[in-house]
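Below you'll find the structure, written out as structure tokens, and then a few comments.
No value in this document is a laboratory result; all are computed from the given coordinates. These numbers come from a predicted model, not from an experiment. Reconstructed Cβ throughout: ideal geometry from the backbone, glycine too, with neighbour counts over all protein chains shown.
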Amino acid sequence: MVATRSRQEERPARPGRARRTLTRRQRENRAGLAYLSPTLIVVLVVVVLPVLWTVMLAFQRIRLINLRRAGVFGEYTLANIKLVFTSPGFWSSLWTTLAYTIGATVSSIVLGLIAALALRGRFPGRTLVRASVLLPYIAPVVAVTFVWEILLSPQFGLVDDWGTRLLGWDRPIAFLSQREYPVSIFGWQVDLPMALLTVIAFEAWRYFPFAFLFLLARLQAVPAELEEAARVDGAAPTQIFRHILLPQLGAVLALLSVLRFIMTFNKFDDVYLLTGGGAGTEVVTVRVYQFLTARFDIGAASAQALVLALGLVLLLAVYLRFLAPRVEES
Amino acid sequence: MTRHRVVMDRATVETRVLRVLRWVVIAGLVVATLFPFYYMLLLSVRPIEEVLQNPGRIFAGPAEWTLRTYREVLTPAGRGGQGFPRFLLNSALVSIAATLLTLLVSLPGAYAVSRLRFVGRRQVHFLFLSVYLFPTILLAIPLFVLFTRLGLRGSLAGLTIVYIAQTVPVSIYMLRNYLTTIPESLEEAAAVDGYSRLQTLRKVVLPLAAPAVMANALYVFMIAWNEFLFALLFLVEDRADWTVSLGLAQLSGGIEVSKTVLMAGSVVLTLPIVVLFFAAERLLTEGLTAGADKG
């Protein structure tokens, strides 16, 4: 980057070579585009065109049966959009998606931060511990959801078995299939959204290694002298964290929040595999899938997916508008 | 005086508490991350009747182990088993093809983004962002339509193309971060020696970027091997095309399939990834976060 800029600055000093640099630049331009063209073609065909096509599909009444006749010049209608907004459970699934996304994003980052702080210093076996902490993230989603399902099963699950035998629960908890679980906290009766909380816990477990990796890399780049100086001055570890480490982590934390938010918002397989969208965990992506496979309603599925994507864009715009300046400060 | 001592003590007390707490956290993390995998392995070798009677046991001696579950999973469908060898082959084919092709596409792309000045270089990021901004389920619908029409829907080739698109942006990002650390003077020297740009890329840049390329290959392989949604949408109709993830998910819906068999399938699905990962853990963790430490 620096080198290219300095070459640019040299140019006016040698006007005689202007023609040659120009052609060289053109060549570079052409090579750049040529090298990038395979990427552009793949992204165009598999991402950009499908997105545009979804917009078209969302405004046509298309089902799997009349799919072959559908084209650009079909009949356009707002019926799908209307269907999506008026169908039962639309708003509640939007709220579920939001709660799920925020819960999973925050908990996975907090857990990742704790892990990064704990595994920062050297200790015997650190490499092995660090590698094993990454396992939830690299393991296939189908396999880990099955283990969780079995562990949490009310009939033959380890958690409920231990809970009833060792912790004195009066009956097994159906973690993944119970919508509400009544608990009394200091005499207050509260209904916990059990299945949703379990799904969020699963996301935290599966994705904290992602946050951990980024935060650990950033933590290790913090100059040791800074902390050393604070320690000599008698600062407590929590003070060091608050005033020295946290400001350094600000940018990475902001980046992680956005990344995890986008990824969780668009997530499908985890919820689908764990609960199938039942017991109050129906996020919008699962709804899209159900429109597509249970009703074969491609138009409605597209409309629903489009609403999801627009919702995300809107949320991101709000986030960037109100939080971006704060990021720059830190 | 006393007040002074209290302030002094805060640092000492916290340091002591945190020293203990740190080990508690480390132990907790290790248990939380490893236990589900241990339990998966344990269940896969315990007889199902025993599991149903004693779900809380977390240890079983070798005398109780049974490999019946693995036999059922690994026997071909034609001979009454679940036919996982076929799924393993499909997964391997798709993942290896996706890995090689992604690298073939993203290496020149990353080189262009990191070294060459061209029109629209700054705008490229928006294109990449779009890949992750839209939910895969949104892309899945038109791709489902498109691939149905092209006759690619039930084919592993169609799936491979989707995986390439899903991984190329991250791949370019990772490689670009690494390529910028390679001194440009090396390439200039190669140019003086009469190498063309493509030759330079192949003979100078590629060997130097080998660690990043390896990390990248692992990352793409992992994504392709673990992927579920597109496999479900595109391949579900024909059992012969199933990947391991899909085969396992379909297995759970089947009647008469015990949970221990399901766990054996999970082990078969997870093992290749875990082995690969531990073989190259360093490469992957460093490759994934390259550039993150620059803030």
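Figures for the structure shown
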| read-out | value |
| --- | --- |
| DSSP H segments from chain A that extend 20 Å or more along their own axis, Cα-based, with Kyte-Doolittle mean of 1.0 or above | A:90-118, A:194-220, A:246-265, A:298-329 |
| For region B:38-72 versus region A:283-320, the gap between their alpha-carbon centres in whole angstrom | 41 Å |
| Relative contact order for chain B, counting Cα pairs under 8 Å that sit 6 or more residues apart, in percent | 27 percent |
| Peptide A:286-297 - average C-beta neighbours from other chains (10 Å radius) | 2 |
| Under 5 Å, built H, 5+ apart or other chain: amide partners of A:Gln60 | A:Thr77 |
| Sequence-separation-based contact order of chain A, relative, with Cα cut under 8 Å and 6+ spacing, percent | 25 percent |
| Longest to shortest principal axis, alpha-carbon extents of the protein assembly as shown, angstrom | 89, 87, 52 |
| Cα-based shape type of chain A, given that a ≥ b ≥ c are square roots of the gyration tensor eigenvalues and the cut on a/c is 1.5 | oblate |
| Chymotrypsin sites (Phe, Trp or Tyr not before Pro) restricted to region A:132-237 and DSSP loop, no more than 10 other C-beta within 10 Å | A:Phe186 |
| Region A:241-330: trypsin sites (Lys or Arg not before Pro) in DSSP coil with no more than 13 other Cβ atoms inside 10 Å | A:Arg295 |
| Sparse-neighbour loop sites [chymotrypsin sites (Phe, Trp or Tyr not before Pro); region B:175-269; at most 16 other C-beta within 10 Å; DSSP] | B:Tyr195 |
| Highest-first arrangement of A:193-201, A:229-237, A:127-135, where packing means the average Cβ count within 10 Å | A:193-201, A:127-135, A:229-237 |
| Furthest towards positive pole of dipole, B:Ala157, B:Leu271, B:Met222, structure part chain B, Cβ charges | B:Met222 |
| Region A:177-225 and region B:84-139: distance between their alpha carbon centers, rounded to Å | 31 Å |
| Chain B: C-alpha gyration tensor shape, a/c 1.5 cut-off, then a/b vs b/c | oblate |
| Averaged over A:111-123, number of beta-carbon atoms from partner chains that fall within 10 Å | 3 |
| Proximal aspartates and glutamates relative to B:Lys203, as straight alpha-carbon distance under 18 Å, when same-chain residues fewer than 8 apart are discounted | B:Glu184, B:Glu187, B:Glu188, B:Asp193 |
| Placed amide H near A:Leu192: partners under 5 Å, 5+ positions off or other chain | A:Tyr181, A:Val183 |
| Cβ neighbours within 10 Å from other chains - mean over B:167-174 | 2 |
| Stretch gain in nm, segment A:Leu78-A:Val190, where the contour uses 0.36 nm per residue and the Cα spacing is subtracted | 36.2 nm |
| Kyte-Doolittle mean at least -1.0, axial Cα span of 27 Å or more - DSSP H helices of chain B | B:2-45, B:84-115, B:156-179, B:259-279 |
| ³J(HN,Hα), Karplus 6.51/-1.76/1.60, whole Hz, each residue of region A:170-187, x for Gly, Pro | 6, 8, x, 9, 8, 4, 9, 10, 10, 6, 10, 10, x, 10, 10, 10, 6, x |
| Relative contact order computed over region A:152-220 (Cα-Cα under 8 Å; 6+ residues apart), in percent | 20 percent |
